[in-house]
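First the structure, in the form of structure tokens, and then the observations on it.
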Ligand SMILES: NC(=O)c1ccc[n+]([C@@H]2O[C@H](COP(=O)([O-])OP(=O)(O)OC[C@H]3O[C@@H](n4cnc5c(N)ncnc54)[C@H](O)[C@@H]3O)[C@@H](O)[C@H]2O)c1
């Protein structure tokens, strides 16, 4: 089939490349000329495991092309995906400006029937708005259906998540569009649920916010663990053995960030409010998450007493491992707090250094690797749990640090091994050693 993608970012490019791999002829459009130029030259501008190779392959086979012309992408396609950004406005609600602009531009190029797929994450009833915009701005004779096909993939495993999803949700209002989408998605083997458009849009927001809630839940549990001398890792493991709960998303740490959870949470709260419902539960999810970064800095303060004048090594800048995406990355908030306290900060991330440099400028020291970051630092804070941090030679790190202090914001390192080596280890929710359990709580 012929597919057009409007918005060739993290989601649009992965979707385009995967649909091309499945045998479709895909044309990806973006208004960002530099991005399209780079893609035409064969260079992917984001880090996503496997994406560069996949794009190279399907481009060489002539099944993936790039353009800055939306008209060209629309003319080329039976199905047009809208994959533009939906950032948060100041009040938390979703800014749908890019979606509206894309819909207007698609409308201007519509001649005969097209299926317009809403892939961006949007509040319920956005599909209705897109349909109305298409109606208002398209030429007489143009016909279309708007389908909601929410994206559940995660950065870092985007290709596998697209090709082997847990489920496909289709919010579709016409049998014709359903038939087109079933034909397009036929090669993907996954349970497919067809529902109305508003419910499909709700499923995406409700799912993301549920996962965010799970993270905040275990983080709140971690706070209690610290106070009663329990270990949140063991608590999460025990909870996760229950099939009704599952272990995923029960990793206590400094909380979630990234381009999805924080903005989707804010948008869902705002949308519920607009609909007349105060979603207090989700406001608390956000409050718990906001506090986590302060908790990590409090641990550093606990370890070093006065932070002013101290040097802190920060390991990891991307919002999670296996991506170079630093949008809403917890590391930035931690770094801002440390700089505000008067610390010098030495940073390292395996792939996100260029993006971090663009955001932080010359206010931190950029290091070659994790060892270089530790050089002369008073403590190291692990912020993003890249695998390479789990297999470092920690004896060498200890030699490089001024003080043997590790603050593990992701509970990713081996506490027992580090303590045996003479490190002072601070996890989150892990006050289980005798020294760390508050004296008044110790059993005589
Ligand atoms: N990143 C993820 O992991 C993820 C996961 C699920 C859902 N989503 C959702 O997918 C959507 C896109 O997210 P993303 O991370 O890919 O964003 P992104 O910022 O990486 O990409 C968006 C792209 O759209 C382009 N664009 C904007 N307006 C345009 C227009 N009118 N015409 C052509 N191009 C235009 C931008 O130049 C940009 O390249 C968002 O709604 C997001 O919430 C993202």
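For the range 25-40, check the following and say yes or no: at least one residue is part of a loop (DSSP other than H, G, I, E, B), more than 13 Å from the ligand (Cβ to nearest atom) and within 30 Å of residue 131 (Cβ to Cβ). For the range 25-40, residues part of a loop (DSSP other than H, G, I, E, B), more than 13 Å from the ligand (Cβ to nearest atom) and within 30 Å of residue 131 (Cβ to Cβ): absent. Does the range 122-157 hold any residues that are within 15 Å of the ligand (Cβ to nearest atom), in contact with a strand residue (DSSP E or B) (Cβ under 6 Å, 6 or more places away or on another chain) and farther than 15 Å from residue 81 by Cβ, and which are they? Result: 123, single match. Of the residues that sit in the range 49-74 and are assigned to a helix (DSSP H, G or I) and touching a helix residue (DSSP H, G or I) at 6+ places or on another chain (Cβ under 6 Å), which one is surrounded by the fewest Cβ atoms within 10 Å (Cβ to Cβ)? The selected residue is 71.
Take the residues of the range 267-298 that are touching a strand residue (DSSP E or B) at 6+ places or on another chain (Cβ under 8 Å) and crowded, with 22+ Cβ neighbours inside 10 Å: which is farthest from residue 383 (Cα to Cα)? The selected residue is 271.
Of the helices (runs of 4 or more DSSP H) lying entirely inside the range 189-275, those carrying at least 1 residues that are closer than 18 Å to residue 94 by Cβ are 197-228, 261-274. Within the range 158-197, restricting attention to residues that are under 16 Å from residue 248 (Cβ atoms) and buried (at least 16 other Cβ atoms within 10 Å of the Cβ), the residue that is nearest to the ligand (Cβ to nearest atom) is 161. Taking the conditions (1) buried (at least 21 other Cβ atoms within 10 Å of the Cβ); (2) within 15 Å of the ligand (Cβ to nearest atom); (3) touching a residue at least 60 places away in the same chain (Cβ under 8 Å) in turn, residue 88 satisfies each one other than (1). Taking the criterion of being within 16 Å of the ligand (Cβ to nearest atom) and more than 17 Å from residue 293 (Cα to Cα), the only residue of the range 238-258 that qualifies is 249.
Residue by residue, here is whether (1) over 29 Å from residue 250 (Cα atoms); (2) over 24 Å from the mean Cα position of the chain (by Cα) holds:
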position	(1), (2)
333	no, no
339	yes, yes
343	yes, yes
354	yes, no
361	yes, no
391	no, yes
400	yes, yes
410	no, no
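Scan the range 1-24 for residues that are within 10 Å of the ligand (Cβ to nearest atom) and more than 15 Å from residue 324 (Cβ to Cβ) and the total you get is 7. For the range 15-46, a residue qualifies if it is crowded, with 18+ Cβ neighbours inside 10 Å and under 16 Å from residue 162 (Cα atoms), and the qualifying residues are 15, 16, 17, 18, 19, 20, 21, 22, 24, 26. For the range 106-126, the set of residues classified as surrounded by fewer than 24 Cβ atoms within 10 Å (Cβ to Cβ) and outside any loop (DSSP other than H, G, I, E, B) consists of 107, 108, 109, listed by residue number. Whether any residue in the range 96-105 is assigned to a loop (DSSP other than H, G, I, E, B), crowded, with 16+ Cβ neighbours inside 10 Å and either within 14 Å of the ligand (Cβ to nearest atom) or free of Cβ contacts under 8 Å to residues at least 24 places away in the same chain (or both) is what I want to check. Looking for residues that are assigned to a loop (DSSP other than H, G, I, E, B), crowded, with 16+ Cβ neighbours inside 10 Å and either within 14 Å of the ligand (Cβ to nearest atom) or free of Cβ contacts under 8 Å to residues at least 24 places away in the same chain (or both), one finds at least one in the range 96-105, hence yes. Hey, residue 262 hits all of (1) within 28 Å of residue 341 (Cβ to Cβ); (2) away from the ligand (no atom under 16 Å from the Cβ); (3) in contact (Cβ under 8 Å) with a residue 12 or more places away in the chain but one; which does it fall short on? The failed condition is (2).
Just so you know, all these numbers are worked out from the coordinates, no wet-lab data involved. What you see is a predicted model; the values in this text were computed from it and never measured. When we count neighbours, we look across all protein chains shown, and the Cβ atoms used for this are built from the backbone with ideal geometry, even at glycine.
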